[in-house]
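Step one of this worksheet: look at the structure below.
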Amino acid sequence: MNDVGLIGLAVMGQNFALNMARKGYRVSVYNRTPERTKKFVEEKVRDESIFPFYTIEEFVKSLKKPRKIILMIKAGKAVDDMIAEILPYLELGDLIVDSGNSHFADTARRLEYLSQKNILFLGMGISGGEYGALHGPSLMPGGTKEAYDLIKDILLKAAAKTEDGPCCTYVGKGSAGHFVKMVHNGIEYAIMQLIAEVYDFMKKVLNMTNEQIGDVFEKWNKGELNSYLMEISYKIMRYKDKETGGFLIDYILDKAEQKGTGKWTAQTSLDLGVPTPTLNLAVEARIISHYKEERKILSKLYSKEKNIISVNKEEMIEHLKKALLFGVFMSFSQGLWLIDEASKQYNYGIDLSEILRIWKGGCIIRAEILDFLRDIIRENEEDANLLHSDKAIDFIKDKLNSIYQVTEIGKNYRIPLMTMNSALDYYFALTEENLPANIIQAQRDFFGAHTYERIDREGIFHTEWER
Ligand code: NBP
């Protein structure tokens with residue numbers, strides 16, 4: 001009998017099956033399309049204990065009880081269909097782990113449905129792409145503790161390792177795992193867009209070549225900005241196109257795709273009333289990038305006049321570095337606040353410091369700065385707003401002049417810095433006691449009798465403004 005079963009043999013599933021097998025587990029595999037299973041076994045499996053099955057019944061029967069079945073298939077209806085297909089063969093206490101990028105609301109619904117049938121269920125976020133799936137991803141499982149305990153040995157062995165332990169933890173109750181993975185992706189969108197804005201600035205203001213940009217990114221990757229996204233960015237800047245011999249980056253169309261997790265983060269932050277403007281604007285930036293033809297037309301209609309400013313290149317690169325750190329800090333800060341609010345509203349019981357720990361290895365947003373953020377969170381576990389910390393105050397103080405310089409010069413050169421500007425505006429708004437929301441309240445009361453509160457006395461007021 002085999003230890004664990006995996007359904008879905010696209011890139012992630014193949015590699016995660018190999019990963020578990022290489023940690024000593026006997027793994028049963030199944031895929032809807034049998035040719036994919038055959039090809040995988042013939043071409044990728046060597047001496048690993050991986051056993052292919054071509055019917056769901058045989059696949060399920062091959063597993064030790066209580067059975068553990070990991071789904072690595074396209075999120076959405078496919079997951080419901082697959083659960084319906086395997087359910088008739090399962091017994092009380094068996095476990096299904098959905099490790100696709102499912103929406104957390106779907107996970108909550110499935111959890112409820114399966115608990116009525118006495119089947120255990122985990123919604124597990126997985127990050128690290130195909131490389132991580134094979135060599136050790138960051139795993140974010142959520143659901144009941146009983147379900148986690150059943151499979152935790154396998155998950156802990158398969159996860160990436162750092163000096164702080166395996167990048168897997170029991171994230172929390174209900175749909176906590178998929179919620180955290182969703183926000184992870186929201187932060188990922190924001191950091192990718194921040195790096196893109198720095199790249200744009202270096203090209204258009206500092207006239208830097210791809211190689212020069214790559215060199216700076218590589219240098220940054222050796223310091224405070226050390227991160228997976230910085231690392232791949234410097235490699236991208238240097239990569240030569242095999243066909244043309246030029247830099248591949250210059251041949252890639254500037255239209256960014258998305259699969260939805262960034263959008264879900266933005267939608268959820270609006271639903272929960274948590275401000276995450278930098279995460280949201282990273283999604284908007286991808287949407288705008290999609291309008292290539294429209295941008296082409298409009299770029300001819302409007303003046304491209306720039307206000308050329310003389311800048312010291314070396315100083316500006318240092319400002320860009322600090323501005324990027326500022327943006328990354330604000331992105332994490334917004335994401336953590338969102339997770340904390342969801343944890344309160346949905347009773348997830350999430351430990352933010354643990355989340356930062358399991359993001360340290362394997363995942364796409366792994367970064368040096370996570371240790372610093374963790375130090376802040378651990379100062380006061382009850383406080384999810386990083387901006388309260390003295391450490392944050394010093395950090396931000398050191399970056400402010402740089403983010404001012406970058407956003408200011410960006411405007412003179414007509415460079416859209418959607419995430420940079422939003423990070424700065426977030427900071428301005430959140431640290432401002434007096435916002436102009438008083439006039440908004442007055443307008444609302446004027447046209448809709450929506451009432452307002454006063455600063456000089458308690459109560460709810462309405463004014464007949466034109467009387
Ligand atoms: P895909 O997201 O491209 O999904 C392909 C897999 O889903 C194949 O095994 C396919 O089977 C199966 N599938 C589909 Br499509 N519809 C199905 C259905 N109705 N019933 C059963 N199986 C069905 O694969 P992936 O990129 O390996 O990702 C797997 C999951 O992990 C996804 O949820 C994804 O969002 C998530 N994820 C991906 C990454 C990444 O870097 N790619 C990272 C983190 C998480 P078939 O062979 O029969 O078509």
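No value in this document is a laboratory result; all are computed from the given coordinates. Worth saying up front: this structure is predicted, and the values here are computed from it rather than measured. Here Cβ is always computed from backbone atoms with ideal geometry, including for glycine, and neighbour counts include all displayed protein chains.
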Taking the range 31-60 and keeping only residues that are touching a helix residue (DSSP H, G or I) at 6+ places or on another chain (Cβ under 7 Å), of a type in the set (D, E, K, R) and in a helix (DSSP H, G or I), one is left with Glu57
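Among the candidates Lys77, Lys152, which residue alone is without any contact (Cβ under 8 Å) to a residue 24 or more places away in the chain and under 23 Å from His184 (Cβ atoms)? Talk me through it step by step, then tell me what you get.
Working: Lys77 fails: under 23 Å from His184 (Cβ atoms).
After ruling out the rest, the residue left standing is Lys152.
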Somewhere in the range 374-384, is a residue without any contact (Cβ under 8 Å) to a residue 24 or more places away in the chain, buried (at least 22 other Cβ atoms within 10 Å of the Cβ) and either touching a strand residue (DSSP E or B) at 6+ places or on another chain (Cβ under 6 Å) or assigned to a helix (DSSP H, G or I) (or both)? yes
Output the residue which, of all residues in the range 225-255 that are in contact (Cβ under 8 Å) with a residue 40 or more places away in the chain and surrounded by fewer than 18 Cβ atoms within 10 Å (Cβ to Cβ), is farthest from Lys181 (Cα to Cα). Asp250
Please note which helices (runs of 4 or more DSSP H) are completely contained in the range 71-168 and include at least 1 residues that are away from the ligand (no atom under 13 Å from the Cβ). 104-116, 129-135, 145-158
Taking the range 7-28 only, how many residues are more than 10 Å from the ligand (Cβ to nearest atom) and among the aliphatic types (A, V, I, L, M)? 5
For residues that are more than 15 Å from the ligand (Cβ to nearest atom) and either within 18 Å of Thr37 (Cα to Cα) or over 29 Å from the mean Cα position of the chain (by Cα) (or both), tally how many sit in the range 55-70. 9
In this structure, is Ser310 loosely packed, with under 15 Cβ neighbours inside 10 Å and without any contact (Cβ under 8 Å) to a residue 40 or more places away in the chain? yes
Every listed condition ((1) among the hydrophobic types (A, V, I, L, M, F, W, C); (2) away from the ligand (no atom under 16 Å from the Cβ); (3) free of Cβ contacts under 8 Å to residues at least 24 places away in the same chain) holds for Val41 save (2)
Out of (1) buried (at least 16 other Cβ atoms within 10 Å of the Cβ); (2) of a type in the set (A, V, I, L, M, F, W, C); (3) within 10 Å of the ligand (Cβ to nearest atom), the one Val4 does not meet is (3)
Per the filter on the range 396-446, residues among the hydroxyl-bearing types (Ser, Thr, Tyr) and surrounded by 13 or more Cβ atoms within 10 Å (Cβ to Cβ) are Ser402, Tyr404, Thr407, Tyr413, Thr419, Ser422, Tyr426, Tyr427
Give just the number: which of (1) without any contact (Cβ under 8 Å) to a residue 60 or more places away in the chain; (2) farther than 25 Å from Gly260 by Cα does Pro66 not satisfy? (1)
